[in-house]
Ligand SMILES: Cc1cc2nc3c(=O)[nH]c(=O)nc-3n(C[C@H](O)[C@H](O)[C@H](O)COP(=O)(O)OP(=O)(O)OC[C@H]3O[C@@H](n4cnc5c(N)ncnc54)[C@H](O)[C@@H]3O)c2cc1C
């Protein structure tokens with residue numbers, strides 16, 4: 001595709017912002033900038049909006065092949081409301097009545113975690129006894145406290161420092177949220193049943209982190225889930241479409257199959273971007289929604305590379321081995337979200353830390369034709385499934401061999417079979433995406449899907465904020481504060497737009 005400069009010449013007097021990438025954060029930044037009066041062009045190397053929120057076509061059916069657990073829809077509601085629109089006019093969300101079904105092999109049991117906290121305590125009592133239920137109630141209370149302590153002063157604040165957080169949240173409150181303990185260790189104080197410790201330890205993986213290294217503050221994810229998990233009509237792809245639709249209604253221009261090859265700079269800072277086909281586009285500012293590693297490793301040029309903190313491969317978050325398939329299922333009642341746990345969680349994360357696929361992986365399954373209600377009926381015939389297994393993000397340095405991947409797929413299916421689930425799918429009805437493909441989709445990441453891992457209590461402060469050292473260059477996305485996940489990435493886009501607008505206003509003055 002050839003794009004001439006004229007196509008992008010800004011004919012009105014508004015300042016022009018180029019947004020690199022139509023991931024969640026690129027989209028929320030575009031919406032906020034357009035409603036504030038900027039002329040915005042989103043340049044996306046893929047063929048559709050959404051970034052990791054993508055679909056793959058399997059046997060003629062579109063399967064969500066990225067995020068599937070939607071939480072904190074109020075973040076999107078606020079975005080729409082601030083733009084004078086209503087989320088519910090663009091997206092239909094159903095609240096799930098269980099957060100997920102969990103299963104352990106060889107009759108280790110099955111556990112549905114209700115979304116309602118009181119029902120959840122009753123369910124834990126039935127599953128693991130009255131004492132465990134009391135400890136679980138305490139866990140939920142503490143998870144809520146951590147969330148409340150960090151929500152405004154950290155997650156919604158523009159790149160907080162340790163000192164700033166202490167000032168805003170209060171030293172005593174911070175000390176009470178166990179900032180220095182690991183998640184795994186803290187969970188041991190609440191759960192004597194190893195299955196529940198494993199279940200809540202898995203929340204570390206929502207940020208692409210290892211539960212044995214992540215801080216206990218990630219307990220807050222339990223509160224986020226308990227506040228509601230939502231299933232959008234039309235799947236997660238409908239969320240991306242709703243965001244892009246809102247942006248378009250505000251005048252944002254989208255160009256797909258447009259790979260940005262360089263950010264152009266001059267003495268005053270950013271001057272525009274150059275696409276891979278050579279076309280240049282003038283822009284006063286750029287919001288970069290690609291992973292920060294793409295900037296820091298120089299993919300966009302040396303001036304932008306020097307403007308952001310260096311990223312080390314050792315700090316990368318997890319990658320994944322995913323399978324999107326259309327299959328006939330039987331023997332196990334899948335829920336919309338089901339997790340099949342491995343027998344040795346420590347071995348799973350030790351293998352990943354060593355750059356290997358787990359000997360027996362924990363498997364998450366999203367059964368996309370099943371509704372949000374726990375008793376929603378199984379579809380007739382073959383159904384759409386999306387499977388995720390954690391994997392190391394070392395596609396550039398230690399690529400996985402085909403045999404290793406095949407072995408992992410086999411143990412994945414064996415584990416599900418040991419839990420009772422039988423799957424019948426032809427090889428043509430299955431699309432695999434592993435770290436190597438993710439690395440190609442999201443350059444300079446080695447396949448990491450969540451930016452840098454949250455390992456150690458300072459990791460969250462090491463993520464860059466929206467502003468960079470280069471005038472006119474702003475960052476947005478899961479590798480930027482406040483971190484990965486759809487609502488967090490959405491917030492980062494909003495923070496980038498707010499910083500850009502503020503700086504623009506003060507420069508003009
Ligand atoms: C398998 C999987 C499961 C997940 N599960 C969940 C979940 O259940 N719940 C949840 O909340 N989160 C989940 N996540 C995480 C969540 O999807 C991400 O944190 C979030 O979508 C990241 O958004 P982003 O704004 O960082 O943009 P990204 O999605 O990273 O998009 C960046 C965009 O930039 C584009 N781009 C990059 N370089 C260029 C360039 N040079 N030129 C033009 N365009 C470029 C890319 O093509 C891409 O479209 C999951 C992620 C994956 C992959």
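We did not get these values from a lab; they are worked out from the coordinates using the rules stated. None of these values were measured; they are calculated from a predicted model. As a convention, Cβ positions derive from the backbone with ideal geometry for all residues, glycine included, and neighbour counts pool all protein chains shown.
What the table shows:
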{"item": "Globularity index of segment 73-157, i.e. its alpha-carbon radius of gyration over 2.2 N^0.38 Å", "result": "1.47"}
{"item": "Spacing of the two label points (7 Å from each Cα toward its C-beta) at residue 130 and residue 506, in nm", "result": "6.0"}
{"item": "Whole-angstrom Cα spans of segment 215-261 along principal axes, big to small", "result": "41, 32, 19"}
{"item": "Where the Cα pairs of segment 111-173 fall when distances are cut into 10 Å bins, in %", "result": "21, 35, 20, 22, 3"}
{"item": "Relative contact order (percent, whole number), the chain, Cα cutoff 8 Å, 6+ residue spacing", "result": "23"}
{"item": "Rg over Rh [alpha-carbon atoms, Kirkwood Rh] for segment 362-482", "result": "1.07"}
{"item": "FRET efficiency estimate (nearest 0.05) - Cβ-Cβ, residue 167 to residue 62, R0 35 angstrom", "result": "0.15"}
{"item": "Gain upon complete extension [residue 312, residue 74; 0.36 nm per residue less C-alpha separation]", "result": "82.3 nm"}
{"item": "Contact order normalised by residue count of segment 47-131, Cα under 8 Å, 6+ apart, percent", "result": "13"}
{"item": "Extension reserve of the residue 248-residue 110 stretch, reckoned as 0.36 nm per residue once the Cα distance is removed", "result": "45.2 nm"}
{"item": "Of every Cα-Cα pair in segment 216-375, the percent that sits beyond 19 Å", "result": "74"}
{"item": "Normalised alpha carbon radius of gyration of segment 234-285 [divisor 2.2 N^0.38 Å]", "result": "1.48"}
{"item": "Shape category assigned to segment 246-321 from the gyration tensor of Cα positions, a/c cut at 1.5", "result": "oblate"}
{"item": "Label-to-label distance, nm, for residues given as residue 195 and residue 396 (7 Å Cα→Cβ offset)", "result": "4.2"}
{"item": "Cα-based helix-to-principal-axis angle, 486-508 vs the chain, degrees rounded to 10", "result": "20"}
{"item": "Rg(Cα) / (2.2 N^0.38 Å) computed for segment 142-261, rounded to two decimals", "result": "1.38"}
{"item": "Between 0 and 90°, nearest 10: helix 24-35 axis offset from the chain longest Cα axis", "result": "40"}
{"item": "Pair-distance profile P(r), taking every C-alpha pair of segment 1-137, with 5 angstrom steps and integer %", "result": "2, 7, 11, 13, 14, 12, 11, 10, 7, 5, 4, 3, 2, 1"}
{"item": "Mean residue ellipticity (222 nm) of the chain, computed from DSSP H runs ≥ 4 via -39,500 (n - 2.57), nearest 500", "result": "-10500 deg cm²/dmol"}
{"item": "Inter-site label distance for residue 185 and residue 406 at 7 Å from Cα along Cβ, in nm", "result": "4.3"}
{"item": "Diffusion coefficient, µm² s⁻¹, Stokes-Einstein with Kirkwood Rh over alpha-carbon pairs of segment 198-290 at 20 °C and 1.002 mPa s", "result": "123"}
{"item": "Cα-based equivalent ellipsoid of the chain: semi-axis lengths in Å, sorted from largest, via gyration tensor", "result": "37, 26, 22"}
{"item": "D (Stokes-Einstein, µm²/s), Kirkwood Cα radius, segment 312-388, 0.692 mPa s at 37 °C", "result": "231"}
